[in-house]
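For reference, the structure is listed below as structure tokens.
Since every read-out is calculated from the coordinates, none of them should be taken as a lab result. Predicted, not measured: the structure shown is a model, and the values here were computed from it. Cβ coordinates were reconstructed from backbone atoms using ideal geometry, including for glycine residues, and neighbour counts include every protein chain displayed.
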2 protein chains.
Amino acid sequence: MAQIPLKGKLTSENDLLAAELRDEFRENKIFSLNLVSSPGSGKTSLLEKTLAALGDKLEMGLIAGDVQTENDANRLIQAGGKMVRPIVTNGACHLDAKMIMRVLPEFNLNRLDVLFIENVGNLVCPSSFDLGEDMKVVLISTTEGDDKPLKYPAMFRRSSLMIINKIDLLGLSDFDLDRVKKHARQINANIEIIELSCRTEVGMESWFNWLTGKIREGCPSR
Amino acid sequence: MAQIPLKGKLTSENDLLAAELRDEFRENKIFSLNLVSSPGSGKTSLLEKTLAALGDKLEMGLIAGDVQTENDANRLIQAGGKMVRPIVTNGACHLDAKMIMRVLPEFNLNRLDVLFIENVGNLVCPSSFDLGEDMKVVLISTTEGDDKPLKYPAMFRRSSLMIINKIDLLGLSDFDLDRVKKHARQINANIEIIELSCRTEVGMESWFNWLTGKIREGCPSR
């Protein structure tokens, strides 16, 4: 079992760098979110809609992590993102603090209100790597099955907010809204929950209000 | 970069064990499939329907890998699976050959026609770990976005068959069937493709025919 000590070592190296990042975000009064989910749950779509709705009101920095391609970063630029940086992990299943550290000098940090870090689409690996963020936000879509919080508990335990996306497709599968909430709260009693559809825009106001509210409060780290 | 040599070492240890598994499957004339996908693409649903349709005709062994919970294994037993074993990875993002090795003695190998290994729901990590299977089968659902073969190329490159699931939900998102096929073939010119819906059962016959055809041909390893 050679993997475990090394993983421990890497995680603590990562934790040191994440602590530096966290200090940097706090000094610059940046609210930072680490967006995690399965592939295709709608992280990029959520950010596209957020840029369209709040792009004039908030200075947003966006980091788009992907195993391969810069497609997501290009979508965010297309959607009006002015400060967007891709990170291509070349096969790695998650972002880590060192990768964030490397792109951070390209941002004008003292201008940012919020930094969105869109992680690799993966419900396992990204849960173990602190990126210095204020909060993790986990997305789950109604087409993925309502058992996911139980099957990938670390991710839901470490997230402050669960966004249930694609509620326009409710009723077209066995996905049960009450059940997914029950499962999420079973894993994490304090998790906040917002239901929305990036496609039809139903519920998007709740997300915008949550986000602007947190920034207004200077929450949680400042 | 301490991670790379260790990963190389682990992979080659894994390759040795996978080669042993492959020999064992061949000796016993078992057609073995490693099912991979994002969380919630329908691997378990596909196997449930396969058990219902072919359970009387084929002796099926099923290994259900999960980060946490034995839910999938229980679903497969419920669906009539007589030889089902769960593997709970306790946080690991993929199955490896050693885990398969450990549960294999619980199967009556000389009776099996086919062994399905349902991997952890993850489009990254499982691509790097050979489990001795004859083929990888990758599932993608129409709600995940048609860009996934480009964004997770290793998985699609190493799969022999791509099953496009949830075709009953086509038209309810931007997912384009031609585009996903084009992207998959761009990564892997030889990939076979089947479209179906586990829910409405449209297209299931193509999958059953593909599977029974491969077993009849003694394909590919025997």
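Ranking B:N190, B:N28, B:Q68 by how far each Cα lies toward the positive end of the dipole of chain B (charges on Cβ) leaves B:N190 at the top.
Which value at 222 nm does chain A reach when only helices count, each DSSP H run of 4 or more adding -39,500 (n - 2.57), with the total divided by all residues and rounded to the nearest 500 deg cm²/dmol? Dividing the helical sum by the residues of chain A leaves -11500 deg cm²/dmol.
Taking Lys and Arg as +1 and Asp and Glu as -1, the other residues whose beta-carbon sits under 11 Å from that of B:D96 total -1. Of all the C-alpha pairs in the range A:90-222, what % are more than 22 Å from each other? Of the Cα pairs, 44 percent sit more than 22 Å apart. Given a 10 angstrom Cα cut-off, can you work out which residue in A:L112, A:L172, A:L95 is the most mobile in a GNM of chain A? Judging by the Gaussian network model, the answer is A:L172. A straight line joining the Cα centroids of the range B:112-157 and the range A:161-220 runs 29 Å. Each principal axis of the Cα atoms in the range A:111-158 has its own extent, and those three values, largest first, are 40, 21, 16 angstrom. Taking A:S206, A:S127, A:S41 as the candidate residues, the one with maximal mean-square fluctuation in a Gaussian network model of chain A, Cα springs under 10 Å, is A:S206. Taking the dipole about the Cα centre of the protein assembly as shown, with the C-beta of Lys and Arg at +1 and of Asp and Glu at -1, give me whichever of B:N90, B:N122, B:T50 is farthest to the positive side. After comparing all options, I get B:N90. Distances between copies of B:K98, taken at a point 7 Å out from Cα along the Cα→Cβ vector and listed shortest first: 2.4 nm. When A:R179 is represented by a point 7 angstrom out along its Cα-to-C-beta vector, the spacings to that point in the other copies are 3.1 nm, nearest first.
Charge dipole (Cα centre; +1 on Lys/Arg Cβ, -1 on Asp/Glu Cβ; no other charges) of the range B:3-217 amounts to roughly 260 debye. Diffusion coefficient of the protein assembly as shown by Stokes-Einstein, Kirkwood radius over Cα pairs, 10 °C, 1.306 mPa s: 71 µm²/s. Take the Cα of B:Q68, go 7 Å toward its beta carbon, and the backbone nitrogen atoms of the range A:180-210 under 18 Å from that spot belong to A:180-193.
Here the calculated FRET efficiency for A:V88 and A:N108, from their Cβ-Cβ distance with R0 = 22 Å, stands at 0.45, rounded to the nearest 0.05. Pairs of Cα atoms nearer than 8 Å and 6+ residues apart set the relative contact order; for chain A it is 24 percent.
Fraction of C-alpha pairs exceeding 17 angstrom in the range A:81-121: 31 percent, rounded to a whole number. At the listed q of 0.09, 0.10, 0.13, 0.18 Å⁻¹, the Debye profile of the range A:3-217, built from one uniform point per Cα, gives log10 I(q)/I(0) equal to -0.33, -0.41, -0.71, -1.40. In this assembly of identical copies, the label point of B:S12 (Cα plus 7 Å along Cα-to-Cβ) is separated from its counterparts by 2.9 nm, sorted shortest first. With neighbours defined as other Cβ atoms within 10 Å of a residue's Cβ, the residues B:R179, A:R199 order from fewest to most as B:R179, A:R199. Membrane-span-like helices of chain A, defined as complete DSSP H segments with a Cα extent of 15 Å or more along the helix axis and a mean Kyte hydropathy of at least 0.0, are identified as A:43-54. Give a quick list of trypsin sites (Lys or Arg not before Pro) in the range B:45-145 that DSSP marks as loop, anything other than H, G, I, E or B, with at most 14 other Cβ atoms within 10 Å. The qualifying sites are B:K57, B:K82. Considering only chain A, the C-beta nearest to the rotation axis that sends A to B is found at A:T143, 2, the distance in whole Å. Counting only lysines at least 8 places from B:K166 when in the same chain, those with an alpha carbon closer than 17 Å to its own are A:K166, B:K43, B:K49, B:K148, B:K181. Partner aspartates and glutamates whose Cα lies under 15 Å from the Cα of A:K182, excluding those fewer than 8 positions away in the same chain, are identified as A:D146, A:D147, A:E192, A:E195. Dividing the convex hull volume of the alpha carbon atoms of the range A:29-128 by its residue count gives 90 Å³ per residue.
Computed about the Cα centre, the dipole magnitude for the protein assembly as shown is approximately 380 debye when only Lys and Arg (+1) and Asp and Glu (-1) carry charge, each at its Cβ.
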